[in-house]
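Presented below is the structure to which this report refers.
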Amino acid sequence: MTRDLFAPPAADGVRAGHAPPAGPVRRGVAHDESSRWQAIDWTRIAAELDEFGCALVRGVLAPHECAQLAAEYARQDLYRSRVIMQRHGFGKGEYQYFRYPLPGLVAGLRAALYPPLAAIANRWQAAMGLEPRFPARHEDFIARCHDAGQLRPTPLLLQYEAGDYNCLHQDLYGEHVFPLQAAFLLSQPGRDFEGGEFVLTEQRPRMQSRVEVVPLQQGDCVIFPVFHRPVAGTRGTYRVNMRHGVSRLRRGRRHTLGIIFHDAL
């Protein structure tokens with residue numbers, strides 16, 4: 001399923017070929033998030049992505065950051081479009097795409113997380129015999145997206161109420177797709193909600209699907225493939241298809257920040 005095909009169009013004030021302006025919720029400069037990721041063991045993350053198709057990073061966001069982001073769901077001026085999932089067969093619940101300029105924390109996370117993931121993505125592309133390769137800086141990749149007419153920002157906030165769920169899907173928005181993305185849980189399981197587990201499925205050729213359930217806590221980040229990933233087999237490396245979703249929420253309210261690195265048509 002390709003997301004955002006049915007979302008209402010909106011002008012974001014971004015010209016093709018130009019990297020987007022970055023600004024926080026209060027319209028200051030983008031946060032420098034590089035120090036947040038310096039202590040992360042990227043060797044471990046790469047190994048877990050290779051073996052399991054996802055990697056969990058604990059406690060990336062502080063509780064007050066999670067609370068502030070979740071509270072911003074009500075600020076309509078921050079978003080370019082709102083999607084009610086059940087209207088399009090996506091599940092039940094809703095999400096909103098940020099407009100440019102992105103909130104400072106969101107822009108900072110997107111820019112800081114991209115470079116180490118680009119190294120993994122390029123290794124995966126080579127293993128699967130795919131082009132293109134990805135530049136080291138996110139702004140250069142976004143310029144590539146904008147040159148192809150993919151102008152609309154894709155970071156989003158998702159909101160689930162009791163009974164809501166997200167069907168298995170892939171976040172594809174145009175020709176240029178960055179193969180990894182991240183989700184940050186903003187709510188606390190057991191306190192704010194019950195149920196609503198993050199789920200990944202992996203379909204290998206001529207095999208039954210494998211399911212991975214990621215036990216997220218508030219502030220945790222899960223990194224996972226957008227579309228497919230390489231797997232080493234007895235006859236060489238092959239591609240496996242990946243989808244992700246969220247199981248049914250049994251109680252409360254759940255907010256998630258999604259960071260997708262390519263922009264949308």
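Here are a few things to note about the model shown:
- FRET E, pair Asp147, Gln38, Förster distance 30 Å, beta-carbon r, rounded to 0.05: 0.40
- Solvent exposure of the chain amounts to 44 Å² per residue of accessible area, where only protein heavy atoms count and the probe is 1.4 Å.
- The fraction of accessible area contributed by carbon and sulfur in the range 58-158 is 54 percent, rounded to a whole number (1.4 Å probe; ligands and nucleic acids excluded).
- Share antiparallel - DSSP beta bridges, the chain, percent rounded to 5: 95 percent
- Cβ crowding within 10 Å averaged over residues, with 145-155, 88-98 ranked highest first: 145-155, 88-98
- FRET efficiency for the Glu48 to Asp77 pair, using the beta carbon distance and R₀ = 45 Å, is estimated at 0.75.
- Put simply, when 257-264, 164-171 are sorted by average Cβ atoms within 10 angstrom per residue, most first, you get 257-264, 164-171.
- Computed E for His88/Glu212 - FRET, C-beta separation, R0 35 angstrom, nearest 0.05: 0.85
- The chain: Cα Rg divided by the 2.2 N^0.38 Å rule of thumb: 0.95
- Summarising the label geometry, the points placed 7 Å from Cα in the beta-carbon direction at Gln203 and Arg191 lie 3.9 nm from one another.
- By the combined test of axial Cα extent (at least 27 Å) and Kyte-Doolittle hydropathy (mean at least 0.5), the qualifying DSSP H helices of the chain come to 104-128.
- Whole-Å distance, taken between Cα centres, linking the range 189-206 and the range 120-137: 27 Å
- Listed peptides 202-211, 101-110 appear in the order 101-110, 202-211 once ranked by packing, highest mean of other Cβ atoms within 10 Å at the front.
- Helical contribution to [θ] at 222 nm, DSSP H n ≥ 4, -39,500 (n - 2.57), averaged over the chain, rounded to 500: -6500 deg cm²/dmol
The values are calculated or read from the model by the stated rules, or taken from the named source; none is laboratory data. Being a predicted model, the structure only gives us computed values, none of them experimental. Neighbour counts are summed over all protein chains in view; Cβ atoms, including those assigned to glycine, are modelled from backbone coordinates with ideal geometry. Surface areas here come from the heavy atoms of the whole protein model, side chains and all, with no ligands, DNA or RNA. Shrake-Rupley method; radii C 1.70, N 1.55, O 1.52, S 1.80 Å.
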